[in-house]
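The values are calculated or read from the model by the stated rules, or taken from the named source; none is laboratory data. Predicted, not measured: the structure shown is a model, and the values here were computed from it. Please note: Cβ atoms are built from the backbone with ideal geometry, for glycine as well, and neighbour counts cover all protein chains shown. To get the accessible areas, we keep the full protein, side chains included, count just its heavy atoms, and leave off ligands, DNA and RNA. Shrake-Rupley method; radii C 1.70, N 1.55, O 1.52, S 1.80 Å.
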Amino acid sequence: MSKITMNAIAAAAGVGVATVDRVINRRAPVRAATEQKVLEAANRLGYRIGHAPLLNSTLPAASVTVRMGFILLSKSYSFYHSLTDALRQHTQPFHPLGSEPLFTWHDIDDVEAVVASLYALAEQVDAIGLVALDHPLIRHAIASVSRRGVRVYALFSNFSPCGHAGYFGLDNQKAGRTAAWIATHLLHQPGSVGVLVGDHRFICQESNEISFRSYLREQDSARRVLEPLKTNESIDGGYRATRQLLDEHADLALIFAPCGGIEGVIHALRQQPQRKVALICHGPVKEGELALIDGTITVMIRNRIDEMAMRLAQTVLQHHAEPGEHFTQVTLPFDIVTRENL
């Protein structure tokens, strides 16, 4: 009988290969319910821990390790705090004994600091995960470190072609058009629509905005969609941009915010409870469930951060074990969350 693979167990359990590896090889703890699912799936397939040959897995052998580094936006916004935790959890088991993933955090517009971190990390790691603007200096640095053999992966927001190894994130055209579809079903009265973005060079948000506008142009052409305001991916920026929308547009009916700084947007809206302004935003967000319950957030398009981190760890390890020149695009699903499906 052929050996049972980790991929087969992962598929049967509905989890990732990295999770199966943690359970079978006792690399790192997982939630009890998840471990039970893996063990039950392995049992159904006829694998017995400690009594069968080692799994024939598409993952590299346990002796293969990879060093990873990450450049993220400021942890002052809860999204990147959660992302840091997920990346650390899913990549730590694949590092050499005694080492751990390296992290740096920068403000979205601190381009020179991002470039400096790229070059610094390239001296210490085999692969880099990066959340950054599609800026010429950043692309130049990515191309340079990629030529040295360090793989760079775009996280959540892609780059124009610059030699990077892959992209992990949403189909942002679908996300933007989905948000607009929701908006047309929320807006039954006249009123303007505000749009918030972190920065105009953030490709993921640019695609969201363009697709959002495109759908409304097709389906609700009389609706006025305002020019986007920047949050700079910060809580203070989200607050100030929302206050500006509220102060300058008495007919404001809805805000679409596929960006960081949502805590600030929530705070500004709560300061004027008499104004009924719908909010469609991206998440997860700190205390976002409470904001959904009290109606401050109407609908959240929620990223699956944990799944992204797991898929990235698997891909980086496989690329490290099987070098080759290829671009990997992993398009992740998103959840549409309301107060009724929490």
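State the extension gain, in nm to one decimal, for the chain segment bounded by Y119 and I210, taking 0.36 nm per residue of separation less the distance between their alpha-carbons.
29.5 nm
Mind checking which lysines have their Cα closer than 29 Å to the Cα of K174? Skip sequence neighbours fewer than 8 apart in that chain.
Within reach: K75, K230, K276, K286.
Looking at the square roots a ≥ b ≥ c of the eigenvalues of the Cα gyration tensor of segment 75-130, which shape do they give, rounded for a/c under 1.5, prolate if a/b is larger than b/c, or oblate?
oblate
Could you check the simple spin-label distance between Q189 and K174, using points 7 Å along Cα→Cβ, in nm with one decimal?
For the pair Q189/K174, the computed spacing is 3.5 nm.
Of the heavy-atom accessible surface of the chain (probe 1.4 angstrom), what whole percent is carbon and sulfur?
The C+S portion of the solvent-accessible surface of the chain is 50 percent.
Note the full-extension length gain between A250 and T338 as 0.36 nm times their separation in residues minus their Cα-Cα distance, in nm to one decimal.
Result for the pair: 29.1 nm of gain on full extension.
Highest GNM mean-square fluctuation, the chain, Cα pairs closer than 10 Å: which of A41, A309, A33?
A33
Rounded to the nearest whole Å², what accessible area per residue is found for the chain with the 1.4 Å probe?
In whole numbers, the chain has 46 Å² accessible per residue.
As a test question: what accessible area, to the nearest 10 Å², does T338 have when a 1.4 Å probe is rolled over all protein chains in place?
Ignoring ligands and nucleic acids, T338 comes out at about 40 Å².
Mean 1/r over all different Cα pairs, inverted: what Kirkwood radius does the chain give, in Å?
21.4 Å is the Kirkwood radius here.
So what is the 222 nm mean residue ellipticity for the chain from helices alone, if each DSSP H run of at least 4 adds -39500 (n - 2.57) and you divide by all residues, rounding to the nearest 500 deg cm²/dmol?
It comes out at -13500 deg cm²/dmol, rounded to the nearest 500.
Rank by packing, highest mean first: peptides 115-127, 231-243, 268-280, with packing defined as the count of other Cβ atoms within 10 Å averaged across residues.
Ranked from most to least packed, the peptides come out as 231-243, 115-127, 268-280.
Full extension from R302 to R31: what is 0.36 nm times the residue separation minus their Cα-Cα distance, to one decimal in nm?
95.4 nm
Taking amide H positions as placed in the peptide plane 1.01 Å from N, state which residues far from L279 in sequence (5 or more) or on other chains have amide H under 5 Å from it.
Counting only residues 5 or more places away or on other chains, the set is I255, T298, V299.
Rank these by accessible area, largest first, 1.4 Å probe: R201, R213.
These residues rank, largest area first, as R201, R213.
When DSSP assigns beta bridges and you keep just the ones with both residues in the chain, what percent turn out antiparallel, to the nearest 5?
About 10 percent, rounded to the nearest 5.
Please list H135, H185 in order of solvent-accessible area, largest first, computed with a 1.4 Å probe with all protein chains present.
Result, largest first: H185, H135.
Simple spin-label model, 7 Å along Cα-to-Cβ: E325 to D109 in nm?
Rounded to a tenth, the inter-label distance reads 3.9 nm.
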